[in-house]
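Peer 1: My structure is below; once you've seen it, I'll send some questions.
The values are calculated or read from the model by the stated rules, or taken from the named source; none is laboratory data. Since the model is a prediction, treat every value here as computed from it, not as a measurement. When we count neighbours, we look across all protein chains shown, and the Cβ atoms used for this are built from the backbone with ideal geometry, even at glycine. SASA here: full protein model, heavy atoms, side chains in, ligands and nucleic acids out. Shrake-Rupley method; radii C 1.70, N 1.55, O 1.52, S 1.80 Å.
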Amino acid sequence: MATVDSVSLFTGLGLSEQKARETLKNTALSAQLREAATQAQQTLGSTIDKATGTLLYGLASRLRDPRRLSFLVSYIANKKIHTEPQLSAALEYVRSHPLDPIDTVDFEQECGVGIMVTPEQIEEAVEVAINRHRPQLLAERYRFNMGLLMGEARAMLKWADGKMIKHEVDMQVLHLLGPKTETDLEKKPKVAKARLEETDRKTAKDVVENGETAGQTLSLMEQLRGEALKFHKPGENYKTPGYVTTPHTMDLLKQHLEITGGQIRTRFPPEPNGILHIGHAKAINFNFGYAKANNGICFLRFDDTNPEKEEAKFFTAICDMVAWLGYTPYKVTYASDYFDQLYAWAIELIHRGQAYVCHQRGEELKGHNPLPSPWRDRPVEESLLLFEAMRKGKFAEGEATLRMKLVMEDGKMDPVAYRVKYTPHHRTGDTWCIYPTYDYTHCLCDSIEHITHSLCTKEFQARRSSYFWLCNALDVYCPVQWEYGRLNLHYAVVSKRKILQLVAAGAVRDWDDPRLFTLTALQRRGFPPEAINNFCARVGVTVAQTTMEPHLLEACVRDVLNDTAPRAMAVLEPLQVVITNFPAVKSLDIQVPNFPADETKGFHQVPFGSIVFIERTDFKEEPEPGYKRLAWGQPAGLRHTGYVIELQHVIKGPSGCVESLEVTCRRADAGEKPKSFIHWVSQPLTCEIRLYERLFQHKNPEDPAEVPGGFLSDLNPASLQVVEAALVDCSVALAKPFDKFQFERLGYFSVDPDSSQGQLVFNRTVTLREDPGKV
């Protein structure tokens, strides 16, 4: 009955029923929230509106000194504190003024009590911010960093409600720019590019140096630099909402600053049990980028605490992908570097009565409300002896674990710190038969490396309490954990287990199959690292999980390749054309610009002889209305040659299929201009071309509601088409794996590692923006 009453009370504050029930799992939070709501109801004498309820929940979840609860509730209930900025200021004030009595005059001044920000003031502040950035906003449109506008408006109106500012920014931007168009999602604005050229910020090609793209108007670096993110300054961890302090905190922070010199320190901590995917690209850009943007350092730390799943190839691939994206770690470290220290701290934790050896099996610990361990209160000396026995291999796997005494945000009680595993470790061999868990290892490794900002995806928010608790329980430096939203893509699966199922089913070749969204697969398909970094910059650093359409990533790829991939000509379905009046005895050498829009980038030479090959689709005996390419009575130009060909004879085989054409040619300037110019090859190389489409047919292949049969039933049978005898001009003869080209009128292509001497293999990276059949 009490649970029902509490759920009713919490939903009355505006919480969903699910959120209310989750809150009840946290005993301390639910008790404080219940008390806050009860006091507020007594003051108001009526129901609590949602805005007040939200503030009360924020107060209960962030207040660390219960003595101040009544004081702050009275301000909220009486509408003296009515915005999130005021609440944050109030919590900071009581944290930094622990002694009684509170100076109410000073408190109210510091918290903006009595200050009312009107809608007119918000409108005016947003208008000022927009006018300051109007030229850039008009040029970049919806790719402009709107957070900059909100930040400047907030700076002018410290106590304004953030949601009202965001709403006003959205309305004024919509009024200025109009609704979003397809161009806003895909196409790079020409005006922005022109401005970059004028200011010498764009060179002949985009350059990535530690993730910073020279040609990107609004790079990730700019989003992460300075005050763009409201992160704490090094040494000011205690100012972070929810950070738990102890009597030792200030001394530990002082020692931390002496070691780091006030430098930003981050880390990218992958598990070496799989290949990195597109979501990891955001994490890499965020961790390395935030450090670089603020003159800090970033560690690459392998979380190698699960020897059963770790393989040497994954360590190598992860290092390669970090480097491929343009980043250099300050240092490569391993959780196993610290196994001795972690073990010593585990013993100390037992000595302090904060950990115990437990014999519950794994299945008994599952779920949100498992029974408390019957061994939770066993004597310290007994746990010490048993933990040593675990260390010496006297227990089988699953027979004993070391557990920490705490309750996490999600209600999980006493998470495991150590478990028994008899699998040899790739670095330490058989030295250990007990291994620490993520919940135990992560925060302590951060502490050892003096990380200032532990940047994690949102699912780790439920572990924040254990993060702070463990560092404080051992009286060691405690970093701050910040969470951000994951990046996902539609039409994709990225989980290691499911990719292995795809490989086992023969749906893909391996982790680097170009239809996947692992980073090795994107590299093999020909995606430039600059494009992936630019995509992460466009997505931005969001708190909410983001699921993007693949075509937005492909648009970033086109933007980069358009400026960096030299042109060549290839024919997928060759049709032989014999020029009966070819104007020379032997073939001519044709100079073809590498980049037709900028001939200063050079030329390459291709032969032009009396026999050429064109795309079969570039000729029709009976063309439909609007068809502009080669047909009876309709000449077509040959690109770059200066010649126009006109049909004379069609040669067919026994089955009636067109086998070749006979044409005559004339100079393009010797008559009427043709309706089209088609690509061609002469004296070509034979190559294999692989054309890729989406691997899955539905946006969310893992969603049972969308794909009841499971993701393996959603495979696109046309996701790979292999053209085994395509023809390509000889300018690409010396191309190496991962070299990239634009095959005119066909798309962007990259040389696959399967290529061998005399037999090139190309992967289609992305199509051109235009319809491939359109001239």
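Peer 1: If you go through region 725-735 one residue at a time, do you hit one that is open to solvent by 10 Å² or more (accessible area, probe 1.4 Å) and either closer than 21 Å to Asp510 by Cα or not assigned by the TED database to the domain that holds Glu530 (or both)?
Peer 2: no
Peer 1: Further, regarding this structure: Of all the residues that make up region 373-387, how many are assigned to a helix (DSSP H, G or I) and open to solvent by 70 Å² or more (accessible area, probe 1.4 Å)?
Peer 2: Residues of region 373-387 assigned to a helix (DSSP H, G or I): 380-387.
From what is left, the residues that are open to solvent by 70 Å² or more (accessible area, probe 1.4 Å) are 381-382, 385.
The total comes to 3.
Peer 1: Might you let me know whether region 568-577 holds any residue that is closer than 23 Å to Met321 by Cα and not in a strand (DSSP E or B)?
Peer 2: No, every residue in region 568-577 fails to be closer than 23 Å to Met321 by Cα and not in a strand (DSSP E or B).
Peer 1: Next question, about the same structure. Looking only at region 490-515, count every residue that is open to solvent by 50 Å² or more (accessible area, probe 1.4 Å), of a type outside the set (D, E, K, R) and farther than 19 Å from Gly279 by Cα and tell me the total.
Peer 2: Of region 490-515, the ones open to solvent by 50 Å² or more (accessible area, probe 1.4 Å) are 496-497, 500-501, 504-506, 509-510.
Of the ones still in play, those that are also of a type outside the set (D, E, K, R) are 500-501, 504-506.
Adding the requirement that they be farther than 19 Å from Gly279 by Cα leaves 501, 504-506.
Of the residues in that region, 4 qualify.
Peer 1: Ok, one more. Starting from residues that are open to solvent by less than 30 Å² (accessible area, probe 1.4 Å) and not hydroxyl-bearing (Ser, Thr, Tyr), keep the ones in region 422-436 and report whichever is nearest to the chain's Cα centre (by Cα).
Peer 2: Pro436
Peer 1: If you don't mind, there's one more thing I want to ask. Between Tyr338, Tyr356, Tyr327, Tyr343, which is in a strand (DSSP E or B), surrounded by 13 or more Cβ atoms within 10 Å (Cβ to Cβ), of a type in the set (Phe, Trp, Tyr) and modelled with pLDDT of 90 or more?
Peer 2: Tyr356
Peer 1: Kindly indicate whether Val578 is open to solvent by 10 Å² or more (accessible area, probe 1.4 Å) and farther than 30 Å from Leu455 by Cβ.
Peer 2: Considered against the rule, which asks whether it is open to solvent by 10 Å² or more (accessible area, probe 1.4 Å) and farther than 30 Å from Leu455 by Cβ, Val578 comes out as yes.
Peer 1: Under the condition of being without any contact (Cβ under 8 Å) to a residue 40 or more places away in the chain and in contact with a Leu (Cβ under 9 Å, 6 or more places away or on another chain), which residue from region 395-429 is farthest from Tyr467 (Cα to Cα)?
Peer 2: First, the residues of region 395-429 that are without any contact (Cβ under 8 Å) to a residue 40 or more places away in the chain: 395-398, 419-420, 422, 429.
Add one more test, that the residue is in contact with a Leu (Cβ under 9 Å, 6 or more places away or on another chain), and what stays is 395, 419.
Working: Phe395: 28, Arg419: 19 Å.
Step by step, filter region 395-429, then rank; the result is Phe395.
The rows are residues; the columns are (1) open to solvent by less than 30 Å² (accessible area, probe 1.4 Å); (2) assigned to a loop (DSSP other than H, G, I, E, B); (3) out of contact with any Gly (no Cβ under 8 Å at 6 or more places or on another chain).
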position	(1), (2), (3)
Leu9	no, no, yes
Leu15	yes, yes, no
Ala20	yes, no, yes
Thr43	no, no, yes
Leu87	yes, no, no
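Peer 1: I'd like the residue in region 233-245 that is part of a helix (DSSP H, G or I) and open to solvent by less than 60 Å² (accessible area, probe 1.4 Å) and, out of all such residues, is nearest to Pro98 (Cα to Cα). Please lay out each step first, then the result.
Peer 2: Initial filter on region 233-245 (part of a helix (DSSP H, G or I)): 237-239.
From what's left, open to solvent by less than 60 Å² (accessible area, probe 1.4 Å): 237-238.
Values: Asn237: 17, Tyr238: 14 Å.
The selected residue is Tyr238.
Peer 1: Please specify each residue of region 599-615 satisfying the condition of being surrounded by fewer than 16 Cβ atoms within 10 Å (Cβ to Cβ) and either free of Cβ contacts under 8 Å to residues at least 40 places away in the same chain or over 27 Å from Arg764 (Cβ atoms) (or both).
Peer 2: Glu599, Thr600, Gly602, Phe603, Gly609
Peer 1: When the residues of region 246-300 are narrowed to those that are among the acidic types (Asp, Glu) and in a helix (DSSP H, G or I), which ends up farthest from Leu325 (Cα to Cα)?
Peer 2: At the first step, the residues of region 246-300 found to be among the acidic types (Asp, Glu) are 251, 258, 271.
In the following step, the residues that additionally are in a helix (DSSP H, G or I) were identified as 251, 258.
Details: Asp251: 38, Glu258: 32 Å.
So, considering only residues that are among the acidic types (Asp, Glu) and in a helix (DSSP H, G or I), the one farthest from Leu325 (Cα to Cα) is Asp251.
Peer 1: Which residues, taken from region 658-711, are farther than 29 Å from Arg616 by Cβ and either of a type in the set (Val, Ile, Thr) or open to solvent by less than 70 Å² (accessible area, probe 1.4 Å) (or both)? Explain how you work it out, then say what you get.
Peer 2: So the first thing to find is which residues in region 658-711 are farther than 29 Å from Arg616 by Cβ, and the list is 696, 698-711.
If the condition is that a residue be farther than 29 Å from Arg616 by Cβ and either of a type in the set (Val, Ile, Thr) or open to solvent by less than 70 Å² (accessible area, probe 1.4 Å) (or both), then Phe696, Asn700, Pro701, Asp703, Glu706, Val707, Gly709, Gly710, Phe711 are the ones that fit.
Peer 1: Continuing with this model, one more query. Kindly indicate the residue of region 639-653 that is more than 14 Å from Asp618 (Cα to Cα) and either among the basic types (Lys, Arg) or part of a loop (DSSP other than H, G, I, E, B) (or both) and also most open to solvent (accessible area, probe 1.4 Å) among those meeting that condition.
Peer 2: If we take residues in region 639-653 being more than 14 Å from Asp618 (Cα to Cα) and either among the basic types (Lys, Arg) or part of a loop (DSSP other than H, G, I, E, B) (or both), then Lys652 is most open to solvent (accessible area, probe 1.4 Å).
Peer 1: When you scan region 59-77, how many residues do you find that are open to solvent by 10 Å² or more (accessible area, probe 1.4 Å), without any contact (Cβ under 8 Å) to a residue 40 or more places away in the chain and under 21 Å from Lys158 (Cα atoms)?
Peer 2: 1
Peer 1: When you look at Lys80, is it farther than 26 Å from Asn26 by Cβ, surrounded by 15 or more Cβ atoms within 10 Å (Cβ to Cβ) and either in contact with a strand residue (DSSP E or B) (Cβ under 7 Å, 6 or more places away or on another chain) or basic (Lys, Arg) (or both), yes or no?
Peer 2: Spelling it out, Lys80 is indeed farther than 26 Å from Asn26 by Cβ, surrounded by 15 or more Cβ atoms within 10 Å (Cβ to Cβ) and either in contact with a strand residue (DSSP E or B) (Cβ under 7 Å, 6 or more places away or on another chain) or basic (Lys, Arg) (or both).
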